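Trainee: This structure is in structure tokens; I'll ask about it shortly.
Throughout, read-outs are computed from the coordinates displayed, never taken from laboratory work. All of these numbers come straight from a predicted model, not from anything done at the bench. Virtual Cβ from ideal backbone geometry, glycine too; neighbours counted across all protein chains shown.
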Amino acid sequence: MIEDNDKVRILNFEGAVGTKTEMHSHPNIVAIVLSDSAVRFTSPGGQSMELELKSGMAMYMDAAEHATEVIGSSASHVVLVELK
């Protein structure tokens, strides 16, 4: 964790290819991608979505529960800004 205050919680995610997270949740969030990579998000119901992430991109996502897997051929590095 980088920062946690009454406005935001900022997390640093770094994962090698094959890294998997347990099912977890985030409030509304902004993700800032620091390295090209690919990830798979899986919802509690088993539906999955694969994303190609490009260094420098930023994206907003609504609150959700998911598991994450780093797929493809390169590690993933993303800064997550949870909005409180």
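Trainee: Can you list the lysines whose alpha carbon sits under 20 Å from that of K54, skipping same-chain ones fewer than 8 residues off?
Mentor: K20
Trainee: Assigning unit charges at the beta carbon (Lys, Arg +1; Asp, Glu -1) and nothing else, what dipole magnitude in debye, to the nearest 20, does the chain show about its Cα centre? Each step should come with its number before you reach the end.
Mentor: Numbers: 6 positive and 12 negative charges, 12 e Å.
With Lys and Arg at +1 and Asp and Glu at -1, about 60 debye.
Trainee: Pop a pseudo-label 7 angstrom from the Cα along the beta-carbon direction at both L51 and K20 and give the gap in nm to one decimal.
Mentor: 2.0 nm
Trainee: Follow-up question, since we're still on this one. At A38 and N12, where each label point lies 7 Å from the Cα along Cα→Cβ, what is the point-to-point distance in nanometres?
Mentor: 2.7 nm
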